[in-house]
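The values are calculated or read from the model by the stated rules, or taken from the named source; none is laboratory data. All of these numbers come straight from a predicted model, not from anything done at the bench. A quick note on method: Cβ atoms are made from the backbone with ideal geometry, for glycine too, and the neighbour counts reach across all protein chains shown. For the accessible areas, the whole protein counts, side chains as well, though only heavy atoms, and no ligand, DNA or RNA atoms are used. Shrake-Rupley method; radii C 1.70, N 1.55, O 1.52, S 1.80 Å.
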Amino acid sequence: TMAEQCNKLPWPENKWVAQLLVWYKKEQRDFPWRRELNVYNTWVCEVMSQQTSLTAVLPKYLEFILQLPTLESLSQCSEPKLRQLWAGLGYYARARNLQKGANFLLQQYNGLFPSKYEEWLRVPGCGPYTAAAISSICFSYPVACVDGNVVRVVSRLLGLGNEVWEASGQNKIRKFVNEFLPKNAPGDFNQAMMEMGAVVCKKKQPLCHICPIQFSCIAYAKGIVATCPPNKPRRDFVNEKIYGFV
């Protein structure tokens, strides 16, 4: 059983963490960047996935890696070709930053990839989430990833209300994931949390009946999963007049 497997695992910190990791090892989706650990491929995937669904990313990722398989090839890629490879993904500044990042790594690190979270933050286009994902997945650096999926999973585990969208709630979520992050498997934990939010603990119609950590979920116990987390408050609209001259 899953419980028996958990008892044999090297993650004694908490039962729900062990349950989650067993589930991830068994149920994780098959993506090309997961089949063989490659820092460059992981980096490209993480940047492409920013504000973009993985179904849209997959075909573009495969073509991008085929055409630009290394830092050197990305660094030397022409602007038109880079635009062509990125077409359809939107947020084109990500592609420009990816190329700037390749130049930065070639110039500052002699083409080697840094292993620490703080170093990845210096790379153009790498914010806290991307830096955490790359350093934890590729180098087992002990830092937690917090994206929308993780916010949703943790808010339900803790049964958070409107505070989830306030600074106090966000700090509570970060503290939670960092507290339970297994130091010997941070990459697996981060990917498992994101996978959980993407395929089980979904925003609409979550699959609680197959959730491996249902027993630890306060929202499930209280019957408030459907309304947890509450909708993010919308900002007040401001009317503006914009003039364009061509």
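Mind telling me which of the residues LEU112, LEU121, LEU71, LEU105 ends up being free of Cβ contacts under 8 Å to residues at least 12 places away in the same chain and touching a Gly at 6+ places or on another chain (Cβ under 8 Å)?
Being free of Cβ contacts under 8 Å to residues at least 12 places away in the same chain and touching a Gly at 6+ places or on another chain (Cβ under 8 Å) holds for just one of LEU112, LEU121, LEU71, LEU105, which is LEU121.
Restricting LEU62, LEU58, LEU74, LEU89 to residues that are assigned to a helix (DSSP H, G or I) and open to solvent by less than 40 Å² (accessible area, probe 1.4 Å) narrows the list to LEU74.
Does at least one position in the range 171-179 carry a residue that is over 25 Å from PHE31 (Cβ atoms) and open to solvent by less than 40 Å² (accessible area, probe 1.4 Å)? Yes, the range 171-179 contains a residue that is over 25 Å from PHE31 (Cβ atoms) and open to solvent by less than 40 Å² (accessible area, probe 1.4 Å). Residues in the range 92-148 that are in a loop (DSSP other than H, G, I, E, B) and β-branched (Val, Ile, Thr): VAL123, VAL143, VAL146. Among residues of the range 162-187 that are over 22 Å from LEU20 (Cα atoms), none has a beta-carbon under 7 Å from a residue that is open to solvent by 10 Å² or more (accessible area, probe 1.4 Å) and among the hydroxyl-bearing types (Ser, Thr, Tyr) at least six positions away or on a different chain. One residue stands out in the range 150-169 among those that are assigned to a helix (DSSP H, G or I) and open to solvent by 40 Å² or more (accessible area, probe 1.4 Å): the one that is nearest to CYS201 (Cα to Cα), namely LEU158. Restricting attention to the range 77-86 and to residues that are without any contact (Cβ under 8 Å) to a residue 24 or more places away in the chain and not hydroxyl-bearing (Ser, Thr, Tyr), the residue that is least open to solvent (accessible area, probe 1.4 Å) turns out to be LEU82.
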